[in-house]
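Report on one structure; see the data block that follows.
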Amino acid sequence: MYIVTAQDMRELDRQTIERLGIPAVALMENAGRAIAEEIIKLCRRRFGGADTSAAWTLGTSRTVQDGGARQPGRTEAGALDRSPDGGAYSPGGTRGDGVYGPDGTWVGRVYGPDGAWAGRVYGPDGTWGDGVYGPDGAWAGRVYGPDGTQGTGGGPGIKRPGFTVSGDAALTLGRAGAEHWLVLVGKGNNGGDGIAAARHLREAGIAVTLVYAAAPESLAGEAALQRDAAAAMGLPAVVYGRDRVDFAACSGILDALLGTGSAGAPRGAYAELIAAANGSGKPVVSADIPSRLDADTGQTHKPCIHAAVTVCLAFLKRGLLQYPGAGNAGQVVVRSIGIPAALAREGGGPASLLTPEVLRTRLQGDVSRRRSPEGHKGTYGHVLLAAGSLSMSGAGLLAARAALRAGCGLVTWALPSMLLPYVIGAAPELMLAAAGGENGTWSAGTAAEVLRLSTGRDVTAVGPGLGRFPGDQEWLRALWEGIDAPMVIDADALNMLADSDYSSWTSRRHPVILTPHPGEMARLAGISTAEVQRDRIGLALAYAREHGVTLVLKGAHTVVATPEGEAYVNITGHPGMGTGGAGDVLTGIIAGLLAQGLNAAQAAAFGVYLHGLAGERAARQRHDPSALIAGDIIEAL
Ligand SMILES: NC(=O)C1=CN([C@@H]2O[C@H](COP(=O)(O)OP(=O)(O)OC[C@H]3O[C@@H](n4cnc5c(N)ncnc54)[C@H](O)[C@@H]3O)[C@@H](O)[C@H]2O)[C@H](O)CC1
Ligand SMILES: [K+]
């Protein structure tokens, strides 16, 4: 799934209209329909009473859909609310709403532990799935498969007909009469999308009222066309500031105020409508992006809509993945509006969401972790790790063990000689090599020994628990220029780089992967941590390209950027992984994957993805994400 900027989007929009000849209003129509379908799905979930608000959910989880296919294994209830088979479980053991397998297809019925039906079951396209029974065993609703034909359930008196006729299920709502949606309309194309959606909602029997933020006469182009169509259909409309708007009486709000064409803080009526929508307590669905979220950076202007669902149009906008904006977007659903993905590919497809599919196709990595039947420890590579010091020996141990769990054949851990007796036996699978000073710290003179140890090794990782020491910049330079294999550089080794003018060092034949957290990134880039966080994707892309490195910018939604100008944004993992040593584990995983022959982009991306998945699995085993410690991630790999 591609991730784009507002500028990319405008260009893709232009090409679709000019090169393919698809009228702009057709795109707006598709947008309106997609938004209406998602609102109807939301209404169905409410009717069904399915419990998607599991008692134990993770703040970072979100569903990202592409053409109805679910992000593998992710659920609305939370990334951790999953059974091993991909079903959606809450920690109490009850299944929640829709149950999907790892490939995104629906896999089963939804029952609570007492055998009672726990909620309606919808396929990825929003149509009903399999058998639906009430707690008393009585049939509770019609049973249709995703294609609209009757499924395998069926209660008393329901027979599979030999002949079926199905309607537009995605735009149909059984109990529409209970709904009344306010559609907040801005004067740009975002507003036009909202009006188009309102027409479909009305067709589904949902009461709608258009609330114009500006005089309807100020709308232009396709948005004006939508305004006129809505008026011709007799859709009720009010103008904010002139007419009364009753937020208390509505059942939901469609935010179509401001999209990718907006800038700065919301002005006048826009600001007031955003504040009123947020304060209403009603679910808000945002068209494309929550109004006054910066579509590129994820910065939020004040006030900014807090959406329950964001129906992102065509391609995922960068700002929806970057905090704080990601926290305003709710559940993000990306819907196609007829702009071919091939156009994004042609344009270089600047960034992608990190999914198994992207790993397989765009990165062409083998994510199976399959072993050759003829393989032996020499087949899977040898990692040299230079890490650990007296007060941080655990960092080295964590990285070394993670490399082994990532599947590499051998790991040699080089560490200060004084520590050796204490770590012998801590991980018997490791090989240990004394390469540091007697006092448990590193010294500049150890560079020669690390270089010697690196001979014949497939990858060298440096940094976890290393500490700083006199001459450390020259030490790192010697390794940078002398190691004839890929390198992973982390922690204090990044700080050494930050203090050096490493662009003047002899360029390396093999790739380098840097794995900074935001603070380390700030030092590397010579800016503040707040500036790093302002646009993580943009910064990672620029830094990786400029310095010819593969960059792993850690933090919520870790960004992997390549020297070739590609970026991948990861959404596995959870805030519980913000714990000492989790970064050391990531370094070990990436090194372990590199040793097995993955290239730098594959190892960094797959490593980050696996690290997050293992963190989710570990938290599930612990029954509480905050109880997670770094060693748990290794055990869950
Ligand atoms: N392929 C596509 O990209 C498609 C996108 N669609 C939708 O169109 C919007 C982008 O539309 P655009 O007209 O360019 O801009 P906006 O609707 O976001 O707003 C522009 C409008 O708002 C005024 N304005 C700007 N900033 C502010 C502010 N801070 N406060 C108040 N008012 C502001 C400005 O004067 C303009 O009048 C995209 O997000 C999609 O939703 C298409 O419908 C389908 C194709
Ligand atoms: K919006």
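The values are calculated or read from the model by the stated rules, or taken from the named source; none is laboratory data. Keep in mind it's a predicted model, so treat the numbers as computed, not measured. No Cβ is skipped: glycine too gets one built from the backbone with ideal geometry, and neighbour counts run over all protein chains shown. When the accessible area is computed, the model is the full protein with side chains, heavy atoms only, and any ligands, DNA or RNA have been set aside. Shrake-Rupley method; radii C 1.70, N 1.55, O 1.52, S 1.80 Å.
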Handout entry: Any hit, the range 500-516, residues being closer than 26 Å to Ala556 by Cβ, of a type in the set (S, T, N, Q) and open to solvent by less than 10 Å² (accessible area, probe 1.4 Å)
Key = yes
Practice task
Give the residues of the range 184-238 that are more than 15 Å from ligand 1 (Cβ to nearest atom) and either farther than 24 Å from Leu173 by Cβ or of a type in the set (D, E, K, R) (or both), sorted by residue number.
Solution key: Arg202, Glu203, Asp228
Problem - Every residue from the range 526-538 that is crowded, with 24+ Cβ neighbours inside 10 Å and either under 13 Å from Arg318 (Cα atoms) or in contact (Cβ under 8 Å) with a residue 40 or more places away in the chain (or both) - result: Arg536, Ile537
Exercise for the section: Determine whether the range 216-228 contains at least one residue that is closer than 18 Å to Cys43 by Cα and out of contact with any strand residue (DSSP E or B) (no Cβ under 7 Å at 6 or more places or on another chain). Expected result: no
Problem - Failed condition for Ala329, given (1) more than 26 Å from Ile40 (Cβ to Cβ); (2) under 15 Å from the mean Cα position of the chain (by Cα) - result: (1)
Completion exercise
Going through the range 326-348 in order, the residues found to be assigned to a strand (DSSP E or B) and either over 18 Å from Asp255 (Cβ atoms) or in contact with an Asp or Glu (Cβ under 9 Å, 6 or more places away or on another chain) (or both) are Gln331, Val333, Val334, Arg335
Practice task
Looking only at the range 1-37, count how many residues are in contact with a His (Cβ under 7 Å, 6 or more places away or on another chain) and either open to solvent by 50 Å² or more (accessible area, probe 1.4 Å) or of a type in the set (Phe, Trp, Tyr) (or both).
Solution key: 1
Completion exercise
Note on the range 184-203: residues open to solvent by 10 Å² or more (accessible area, probe 1.4 Å) and not in a helix (DSSP H, G or I) are Lys187, Gly188
Practice task
May I ask you to list the residues in the range 221-251 that are open to solvent by 50 Å² or more (accessible area, probe 1.4 Å) and touching a Lys or Arg at 6+ places or on another chain (Cβ under 8 Å)?
Solution key: Met233
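Restricting to the range 288-347, name every residue that is on the phi > 0 side of the Ramachandran plot and of a type outside the set (Asp, Glu).
Matches in the range 288-347: Arg292, Gly298, Ala314, Gly330, Gly338.
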Fill in the blank from the handout: Of the residues in the range 283-304 that are free of Cβ contacts under 8 Å to residues at least 60 places away in the same chain and either open to solvent by 30 Å² or more (accessible area, probe 1.4 Å) or assigned by TED's automatic domain parsing to the domain that holds Pro518 (or both), the one that is nearest to ligand 1 (Cβ to nearest atom) is His301
Fill in the blank from the handout: For the range 394-413, pairs from a residue that is in contact (Cβ under 8 Å) with a residue 24 or more places away in the chain to a residue that is of a type in the set (S, T, N, Q), with Cβ under 7 Å and 6 or more apart or across chains, are Ala399/Thr587; Gly407/Gln596; Cys408/Gln596; Gly409/Thr379
Completion exercise
If we ask which residues in the range 305-325 are buried (at least 24 other Cβ atoms within 10 Å of the Cβ), part of a loop (DSSP other than H, G, I, E, B) and not polar (S, T, N, Q), their number turns out to be 5
Practice task
Would you be able to tell me the number of residues in the range 289-304 that are within 10 Å of ligand 2 (Cβ to nearest atom) and either under 12 Å from Phe247 (Cβ atoms) or out of contact with any Lys or Arg (no Cβ under 7 Å at 6 or more places or on another chain) (or both)?
Solution key: 4
Practice task
Inspect all residues belonging to the range 261-284 and state whether any of them is at pLDDT 95 or above, touching a helix residue (DSSP H, G or I) at 6+ places or on another chain (Cβ under 9 Å), of a type in the set (A, V, I, L, M) and under 30 Å from Arg19 (Cα atoms).
Solution key: no
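When you check Ile253 against the structure, is it in contact with a helix residue (DSSP H, G or I) (Cβ under 7 Å, 6 or more places away or on another chain), within 14 Å of ligand 2 (Cβ to nearest atom) and of a type in the set (Val, Ile, Thr), yes or no? Don't jump to the end; show me each part of the working.
Working: in contact with a helix residue (DSSP H, G or I) (Cβ under 7 Å, 6 or more places away or on another chain): yes; within 14 Å of ligand 2 (Cβ to nearest atom): yes; of a type in the set (Val, Ile, Thr): yes.
Yes.
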Exercise for the section: Would you mention how many residues in the range 1-29 are within 11 Å of ligand 1 (Cβ to nearest atom) and among the basic types (Lys, Arg)? Expected result: 2
Fill in the blank from the handout: Residue pairs within 9 Å by beta carbon, gap of at least six or interchain, first lying in the range 181-192 and over 11 Å from Ser291 (Cα atoms), second at pLDDT below 95 and within 9 Å of ligand 2 (Cβ to nearest atom), listed first then second, are none
Practice task
Would you check if there is a residue in the range 344-354 being surrounded by fewer than 21 Cβ atoms within 10 Å (Cβ to Cβ), under 24 Å from His611 (Cβ atoms), among the charged types (D, E, K, R) and more than 16 Å from ligand 2 (Cβ to nearest atom)?
Solution key: no
